[in-house]
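**Q** The following block contains the structure, expressed as C-alpha cells.
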Amino acid sequence: MASRAVVVVVVILAATGAAGLGFVAGYAYRTSPANNPAAVENSTLSILGAGTLNTLFPQLARQFVNDTPNASAPTAAQMYEGSLDVTTAIASLGAKADVAAVADFRLIPHLLEPASAGFEVVFGSTPEVLVYDPSLPAFGGINSSNWAEKLVEDVGTPGNAPFGVWNASTDPNGYNEIFSLQLQGLLENGSAGTYYDTFYSGGSTSPAVPVPGKALIEKESQAATLLRTGVISAFISYRAYAVVNHLPYVGFDPTVGLAANNSSALTDYAKLSTTVLSASGGFTPVVPAPVLFAITVPRDAPNPSLGAAFLHLVLSPQGSAILGAGGAFTPIVPGWIDTPNAVPPVIAPDVTAPPAWAAPFLR
C-alpha cells in the first residue's frame, strides 16, 4: 500500500437511478486498504467504513483478531471515509476491501448492487443529535424541546461561532441535518422553514446554500476538533459520533432525530426533500429516511470469507456490546438482509428480512 500521506485527489460521479438518490462526490481518496503487501489472502481483514465507525470498527477488528486464528486487521488495512467516499471508491475506483460499511442503508443497494455487491445487512441505528458547546450562555437550559430555539439564539449572538454543517451532496449527514431542522419546524408549528431558513437558503430546486455567518460547511471528520477550538459552536451529527468523541449533546424527538419508523414519522418524512448534485451534474431530490447503518462484503473482496466472518461478529452478542457501549448504537440483531439468496452461509442464522416499512427505501 502506498504511504497514507500520499493523497490522490479525484472527483467521482456516483450514479444511481433509484429512489431519488444521485450524488457527485469530490474527495481526497488515498488508496485501497487491501493493497497493503501484508494483505495475504485469508489472513488480513481490510475495511472501508463510514467515518463515524472509525473508533468502533477498530475495536471490533481487534476482537475479530482475538477470535480468529492467523487473522490480522492492522490499522493500515482499515480506512474510514464519508459513506459516499466508500461506495464511490469501490464502484468507480476499483478499491478492494473485505468489508464496506455505510451510514445510510439506501446507499449499498442503490450505488453498489448488483455490480459491486450482492447484498447488504442493516446492523444498527443511531439518531441525529445536537452537539454543542456548553460554555456558551445561549445553550443554558437546553433540552430536546427547545434545542432549535437555543441554536438560533446562539448563532444570533454577536461574536459566537457559526453552526457547523456538512455538504449534503457528499455526506449523508449533510442532508440528515437539514431534515432534522425541517422536522423540528414541522413538529412545533407545521412549517419546515421555521429553523431551516435561519441556516439555509434554497434547497427546493437547487442545493441548499448555508447562510453566511450563521452556518459554515466543514468536514464532519473534523467536527469534534472544530467544536473544541471554537471554530463552530454546534453541529448536528449521529449520537454515536458524540458518544465515541465524548462530546456534550442533546437528543431530539424520535421523528426529528430520524429514529422513528412508525406511520406518523414516515408520513412526515414523505413531506420533505432537499436537493443535491446528481451524477450528471444536474439536481436531484433526496428524501428523509431513518438513520440506519449497513454493511456488505464487496464482490471483489480479497478475502470474502474473512469479510463474512467479520459480519458474523458485528451481529454477535460481542459485537452488539461494542457497538452499543455508552448508547452509541442500538444494534439490530438479527440484521436485516436485502437479498436473502445472496447471504453468506456463516451469517445466515444472524439475519432476517427487513420490516415492511423499510422495503420501499431499498428499491
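**Q** Give me the base-10 log of I(q)/I(0) for the range 128-286 at each q in 0.10, 0.12, 0.19 Å⁻¹, Debye formula, one uniform scatterer per Cα, rounded to two decimals.
**A** -0.32, -0.47, -1.24
**Q** Count of lysine pairs in the chain with Cα atoms under 27 Å apart, counting only pairs 8 or more residues apart in sequence or on different chains?
**A** Lysine pairs, 8 or more places apart or on different chains, close enough: 5.
**Q** I would also like to ask the following. Can you give me the Rg/Rh ratio for the chain, using Cα atoms for both radii and the Kirkwood formula for Rh?
**A** 0.96
**Q** Need one number: % antiparallel among DSSP beta bridges in the chain, to the nearest 5.
**A** Taking every DSSP beta bridge within the chain, about 70 percent pair in antiparallel fashion.
**Q** Normalised by the number of residues in the range 68-130, what is the relative contact order in percent for Cα pairs under 8 Å and 6+ residues apart?
**A** 26 percent.
**Q** I would also like to ask the following. Could you pull out every whole DSSP H run in the chain that spans at least 24 Å of Cα extent along its own axis and averages -0.5 or higher on the Kyte-Doolittle scale?
**A** Taking the DSSP H segments of the chain (at least 24 Å long, mean hydropathy at least -0.5), we get 172-189.
**Q** Taking the Cα-to-Cβ direction at V231 and at V346 and moving 7 Å from each Cα, how far apart do the two end points lie in nm?
**A** 3.9
**Q** Expressed as a rounded percentage, what relative contact order does the chain have, with Cα pairs under 8 Å and six or more residues apart?
**A** It rounds to 25 percent for the chain.
**Q** While we're on this one: With an 8 Å cut-off on Cα pairs and a minimum separation of 6 or more residues, tell me the relative contact order of the range 128-286 in percent.
**A** Over the range 128-286, the number comes to 35 percent.
**Q** When the helix-only estimate is applied to the chain (DSSP H runs of n ≥ 4, each -39,500 (n - 2.57), divided by the residue count), what is the mean residue ellipticity at 222 nm, nearest 500 deg cm²/dmol?
**A** -7500 deg cm²/dmol
**Q** What is the distance, in nm, between label points placed 7 Å from the Cα along the Cα-to-Cβ direction at Q318 and at S204?
**A** Roughly 5.4 nm, to one decimal.
**Q** Hey, for a label at Q222 modelled as a point 7 Å past Cα toward Cβ, could you say which residues of the range 150-169 have their backbone N under 14 Å away?
**A** Within reach of a label on Q222, which here means backbone N under 14 Å from a point 7 Å along Cα→Cβ, the range 150-169 contributes 164-167.
**Q** Note down the magnitude of the dipole of the range 169-266 about its Cα centre, charges +1 on Lys and Arg C-beta and -1 on Asp and Glu C-beta and zero elsewhere, to the nearest 20 debye.
**A** Once rounded to the nearest 20, the dipole reads 200 debye.
Coordinate-derived values only; no laboratory data. No experiment lies behind these values; they were computed from the predicted model shown. Methodologically, a virtual Cβ is constructed for each residue, glycine included, from the backbone with ideal geometry; neighbour enumeration extends over all protein chains shown.
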